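J.: Here it is, the structure in full.
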Amino acid sequence: MHFDVLVIGAGLSGLSAASLLAKRGLNVATIDKAYCPGGSCGAFKRGDAIFDQGSSMLFGWGEKGFNAHRFLFNCLEESITMIQHELLYCVHYDGRKVRFFPDIPRFIDEVSTLFPGQRESLVRFYGDMQTMYQHVIVENPSYTTPDEVDKKAALKSLLHHPLSYIRFLSYLNISAKTLLSKYFTDKAIFNFFDKLTSTYCYVTVEESPAILASVMFVDNHVGGSYYPAGSTLSLTGALEKVIEQNGSTMMAEREVVSILFNQGKPGGVLLDDGTVHTADQIIYSGTVWNLYGKLLPHNETTEQQRSWAQKQEPTYPSVVLYTLVDKDVVDELTLAVEMLVGRPDALDEQEVTAYIPSVDDRTICADDEHIILAIGPSFGSWDALDQKAYQQRKKQEIERLLAVLEKRFPSIREHLRHAELASPRTIQRFTLKNGGAVAGPKQKLGNHMFKRQHIRTDWDTLFCCGESTI
Ligand SMILES: Cc1cc2nc3c(=O)[nH]c(=O)nc-3n(C[C@H](O)[C@H](O)[C@H](O)COP(=O)(O)OP(=O)(O)OC[C@H]3O[C@@H](n4cnc5c(N)ncnc54)[C@H](O)[C@@H]3O)c2cc1C
């Protein structure tokens, strides 16, 4: 069949692109390998309990600041109920619990109990970052990627608050560590900030570009984090509804195995069942490694393009433990997101982010239950294992993660109703993320922003979106 636009991938990015185009009246087909849309933001059911596959803490919904998702739903004229987490989350760090209050002075009080000598530096640092965030992000919201920003509009914004913009742009090529060094003398506090950058961007402060970290540190408090009422399925389902109600098509359980060229330009796709579809434009939302390594024919790409893609360093592979537990396992002070830090001075497999979405949304499991997800890095290889060894390794991994959770939820083992694990292989199988890398290529200094895949490609009929891009 012929479409105006073919979208490869029905994760959040592909669904966003497809729904906006369908709303504009274009005839769009969105193709995904999985049986239901969502990608890393999908969900699955066991009995009556709903588990989010991956994403459970969503950003970009605030009234002010970075709020791209809110903007999207306004464009689509769709309503959605998002539950705002009262507190962004808490970090169990070095025997203490640090809560991320929306109110920055209160948060500084909390962090100062860990680093008493750094209180004044914290006040100065957050004061400066807040001013910059207000001038650059809140007063001049931009809903496009940096490579697509209109130069005239950018200049106008710059002239409005020149000092803040110059400061912001000076952070483009320095690390978060260099930025923090201007404020903090106690090296131990860098380890704390390391945990924040690794949760959000999967990088250390040394790797993290200051331009991204400076926004994220403040957005944590101003923008907040959210959960779609009824699970992440409500979010992806709302986008799917817009696509279908506007006459466009969702194609599930079909993998695009090749992008076909017509007169030197991408003009169609070949699916795994041998079907061919053509389109005027194609949008690809999968990984950059698969795009240049598998989907684009070798004779249409250059060695330079392929080796550039190959060199993009992946974020670490993850494991996810999905558990359903008796309600009493979770105490009243538990937040919907809690980060359990193993070692303050290093990232190891003891470091787990626990999502307990049923704290805020009581509709996703029975009254006497809670859902606890544990997500953490997995450093050992899962590739060479045969089926038996793989199942064995999964069992061991469940035990290992339960032991980590047990430190926070001591009665979890006795009150466990269901436990299952997604390994990096599972993540790859369901989302086509190479090696189970959680979030595409690392947003690492030297590999960030303009150095990533741009929205436009070298062909004017092929566009990209999603976590591999700028
Ligand atoms: C376990 C986990 C937990 C996470 N937690 C959070 C969180 O709490 N908060 C947060 O902000 N982010 C989180 N993330 C990251 C976030 O989920 C992703 O960055 C985001 O959802 C990516 O959306 P995307 O559309 O770019 O890609 P994806 O979600 O990866 O979607 C890409 C889709 O394209 C499909 N696809 C790719 N290639 C093809 C092809 N050739 N043919 C057919 N289909 C194809 C895949 O099947 C997939 O469905 C998490 C990620 C993981 C894995």
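The values are calculated or read from the model by the stated rules, or taken from the named source; none is laboratory data. Not measured: the values here are computed from a predicted model. Cβ coordinates were reconstructed from backbone atoms using ideal geometry, including for glycine residues, and neighbour counts include every protein chain displayed. Just so you know, the surface numbers come from the protein's heavy atoms only, side chains and all, with ligands and any DNA or RNA stripped out. Shrake-Rupley method; radii C 1.70, N 1.55, O 1.52, S 1.80 Å.
J.: Towards the positive end of the charge dipole of the stretch 266-381, with charges on Cβ (+1 Lys, Arg; -1 Asp, Glu), say which of Asn290, Ile364, Phe379 has the farthest Cα.
T.: Ranked along the dipole, the leading option is Asn290.
J.: Post the alpha-carbon centroid distance, the stretch 200-221 to the stretch 367-428, in whole angstrom.
T.: 28 Å
J.: Glu349 label point, 7 Å along Cα→Cβ, cut-off 11 Å on backbone N: hits in the stretch 194-219?
T.: From the stretch 194-219, the list is empty.
J.: Shifting gears a bit: Please sort by residue number the GluC sites (Glu not before Pro) in the stretch 316-350 whose DSSP state is loop and whose Cβ has at most 15 other Cβ atoms within 10 Å. Let's see the in-between values first.
T.: Values: sites: Glu332, Glu338, Glu349; in loops: Glu332, Glu349.
Hits after loop and neighbour filter: Glu332.
J.: Efficiency by 1/(1 + (r/R0)^6): what FRET value for Arg429 and Glu399, r their Cβ-Cβ distance, R0 = 30 Å, to the nearest 0.05? Show your work: numbers first, answer last.
T.: Numbers: r = 22 Å, r/R0 = 0.75.
Efficiency, rounded to the nearest 0.05: 0.85.
J.: How high is the FRET efficiency from Ser112 to Ser411, r the C-beta distance, R0 35 Å, rounded to 0.05? Working shown, then result.
T.: Details: r = 33 Å, r/R0 = 0.94.
In this case the efficiency is close to 0.60.
J.: Pop out the Kirkwood hydrodynamic radius of the stretch 248-334 from its pairwise C-alpha distances, inverse of mean 1/r, in Å to one decimal. Write out the running numbers ahead of the final one.
T.: On the way: mean 1/r = 0.0607 Å⁻¹.
Radius from the Kirkwood sum: 16.5 Å.
J.: To continue, here is another question. Run lengths n ≥ 4 of DSSP H only: what is the helix-derived mean residue ellipticity at 222 nm for the chain, with -39500 (n - 2.57) per run over all residues, to the nearest 500?
T.: Details: 13 runs with 149 residues, N = 470.
Mean residue ellipticity, 222 nm, calculated: -9500 deg cm²/dmol.
J.: Evaluate E = 1/(1 + (r/R0)^6) for Asn447 and Lys97, where r is the Cβ-Cβ distance and R0 equals 25 Å; express this FRET efficiency to the nearest 0.05. Provide the component values of the computation, followed by the final result.
T.: Working: r = 34 Å, r/R0 = 1.35.
With a Förster radius of 25 Å, E is 0.15.
J.: Another question, then. Treating only the Cβ of Lys, Arg, Asp and Glu as charged (+1, +1, -1, -1), what charge dipole size does the stretch 318-436 show about its Cα centre? Round to the nearest 20 debye. Show your work: numbers first, answer last.
T.: Details: 15 positive and 21 negative charges, 134 e Å.
So the magnitude is around 640 debye.
J.: I've got another one for you. Taking the simple approach of a point 7 Å from Cα along Cα-to-Cβ for both Asp326 and Arg456, what is their distance in nm?
T.: Result for the modelled spin labels: 6.2 nm.
J.: For the chain, count the residues as N, evaluate 2.2 N^0.38 Å, and divide the Cα radius of gyration by that value, please.
T.: Working: Rg = 22.3 Å, N = 470, 2.2 N^0.38 = 22.8 Å.
Computed over Cα atoms of the chain, the ratio equals 0.98.
J.: Place a point 7 Å from Cα of Lys311 in the direction of its Cβ. Which residues in the stretch 437-461 have their backbone N less than 13 Å from it?
T.: Counting only backbone N, you get 446-448, 451-452.
J.: Over 19 Å apart: what share of the alpha carbon pairs of the stretch 364-441 falls there, rounded to a whole percent? The partial results should precede the final answer.
T.: Details: 1340 of 3003 pairs.
Value for the stretch 364-441 (Cα pairs over 19 Å): 45 percent.
J.: Between His418 and Thr178, what length comes free when the chain is fully extended (0.36 nm per residue of separation minus the Cα-Cα distance, one decimal in nm)? Walk me through the intermediate numbers first.
T.: Values: separation 240, 0.36 × 240 = 86.40 nm, distance 4.51 nm.
Contour length minus the Cα-Cα distance gives 81.9 nm.
J.: Additional query: As a test question: what accessible area, to the nearest 10 Å², does Trp382 have when a 1.4 Å probe is rolled over all protein chains in place?
T.: Ignoring ligands and nucleic acids, Trp382 comes out at about 10 Å².
J.: To one decimal place, what orientation-averaged projected area in nm² is obtained for the convex hull of the Cα set of the stretch 304-354?
T.: Details: hull surface 24.2 nm².
That works out to 6.0 nm², a quarter of the Cα hull's surface.
J.: Continuing with the same structure: Report the normalised scattering of the stretch 101-224 as log10 I(q)/I(0) at q = 0.16 Å⁻¹, calculated by the Debye formula with identical scatterers on the alpha carbons.
T.: Rounded to two decimals, the profile gives -0.80.
J.: On full extension of the chain, what length is gained from Lys45 through Val276, given 0.36 nm per residue of separation minus the C-alpha to C-alpha distance?
T.: On the way: separation 231, 0.36 × 231 = 83.16 nm, distance 3.27 nm.
Computed gain between Lys45 and Val276 is 79.9 nm.
J.: Sticking with this one: Could you give each residue of the stretch 196-212 its phi-based ³J(HN,Hα) in whole Hz, using Karplus coefficients 6.51, -1.76, 1.60 with θ = phi - 60°, and x for Gly or Pro?
T.: Result, rounded to whole Hz: 6, 5, 6, 5, 8, 10, 6, 9, 7, 5, 5, 7, 6, x, 4, 4, 7.
J.: Please report, in whole Å, how far the alpha carbons of the stretch 79-169 spread along each principal axis, starting with the longest.
T.: So the extents along the principal axes, rounded to whole Å, are 50, 39, 20.
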